1. Considering only the range 24-40, state which residues are outside any strand (DSSP E or B) and surrounded by 13 or more Cβ atoms within 10 Å (Cβ to Cβ).
2. Just checking, which of 14, 72 is in contact with a strand residue (DSSP E or B) (Cβ under 7 Å, 6 or more places away or on another chain), modelled with pLDDT under 80, surrounded by 11 or more Cβ atoms within 10 Å (Cβ to Cβ) and under 26 Å from residue 93 (Cβ atoms)?
């Protein structure tokens with residue numbers, strides 16, 4: 001069985017790809033070298049460690065621009081036209097937060113720069 005790249009470095013979990021059926025699943029990194037049963041096809045597989053260069057491959061550089069808006073509507077209603085305009089400009093809504101009933105609702109956006 002081939003082992004994929006770690007899901008998140010330092011988490012102790014690995015993504016494994018079964019050579020028999022192609023299914024991917026997570027296993028603990030302490031199972032390297034052990035036999036296990038694929039949960040999809042029930043065939044026996046051996047968890048193998050990946051080569052060092054697979055784990056330490058280059059990461060793509062991504063830069064983001066952020067915007068926080070609190071005036072997208074009146075009386076707690078969101079203006080759909082404003083949201084659509086922001087979407088056409090490349091902004092993606094990632095969070096909405098309102099501290100209390102009296103506070104403004106804050107809309108958090110991001111887009112690639």
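1. Pass one, the range 24-40, residues outside any strand (DSSP E or B): 29-34, 38-40.
The answer is 29, 31, 32, 38, 40.
2. Values: 14 fails: under 26 Å from residue 93 (Cβ atoms).
Residue meeting the stated conditions: 72.
The values are calculated or read from the model by the stated rules, or taken from the named source; none is laboratory data. Just so you know, these numbers come straight off a predicted model, no measurement behind them. Note that each Cβ is placed from the backbone with ideal geometry, even for glycine, and that neighbours are counted across all protein chains shown.
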